[in-house]
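What follows is one structure encoded as structure tokens, with my remarks underneath.
All of the numbers you see were taken from the coordinates with simple rules; none came from a lab. Please read all numbers here as calculations on a predicted model, not as lab measurements. Note that each Cβ is placed from the backbone with ideal geometry, even for glycine, and that neighbours are counted across all protein chains shown.
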Amino acid sequence: MNLLTIPKKLSPNTYEYEQRTYPINPYQIKILKAINSLPKKHLHYLVGQQSLKNRNLTLKEMKKLIRDGIRRYIDALTLTQGQGKENKLVKYFCVFETKKDFCHSQHQNTIVDTEIDMGLHFHLFISSPDDYPWISFSAMFYTMLNELTHLPQNRRCISKYDYNRIEKLDENFVLYHTKQFMYNPSSEMIMTNLNKQNS
């Protein structure tokens, strides 16, 4: 969906995904523009969902381990180590969200007296320069999964881990998978290297 040519049946601040209409706020549009700025030729999407039965990683741990996985893969690919080299070869925008029930509980004025799992998970949009075809994203994602689960206490923390190459970026798909930012904009729930220098 081009935000400049929204269908007449929808109001300017909404979008439609899987036959449902959702609101949009300026923060989501900012996220959409950032993800749209990723190089398109090698664009991939990765989702990682934590287990509801086993120990979960914290937001800080998840961010560190995802970055570590990217860095380890790039170091192995290039056979050299150099600080920040991964920021030249890989660009990403990662959004962290919680389970729907947990998200809704944060916007209620009543005290929740039942146990609610946070259900922290991530949506990672990642790419490499159009003129750099040597990255194997499946190998990179395996390296990232290994980082997330290599410690004994974290071995079963991930229950869902799936990725695919994006041939054509669906803006409604992006908006849907960042919809919690409609209700609770938070820079803490975003991890990106788009603002890092290319040199």
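Taking amide H atoms as placed 1.01 Å from N in the peptide plane, the amide H of residue 51 lies under 5 Å from those of 158, 159, each 5 or more residues away in sequence or on another chain. For the listed peptides 136-145, 158-167, a ranking on the average number of other beta carbons within 10 Å per residue, highest first, reads 136-145, 158-167.
Summing charges over all other residues whose Cβ lies under 15 Å from the Cβ of residue 166, with Lys and Arg as +1 and Asp and Glu as -1, gives 0.
Inter-label distance, residue 150 to residue 165: 2.7 nm, where each label sits 7 Å from its Cα along the C-beta direction. With the simple spin-label model, which puts each label point 7 Å out from Cα in the Cβ direction, the residue 183 to residue 78 separation comes to 4.2 nm. Measuring against 22 Å, Cα to Cα, the residue pairs 63/85; 40/91; 64/160; 41/160; 30/160; 40/64 contain 41/160; 30/160; 40/64 as the ones spanning a longer distance. Name the residues of the range 47-87 whose amide N is less than 13 Å from a point 7 angstrom out from the Cα of residue 136 along the C-beta direction? Counting backbone N atoms under 13 Å from the label point, the list is 73-74, 76-78.
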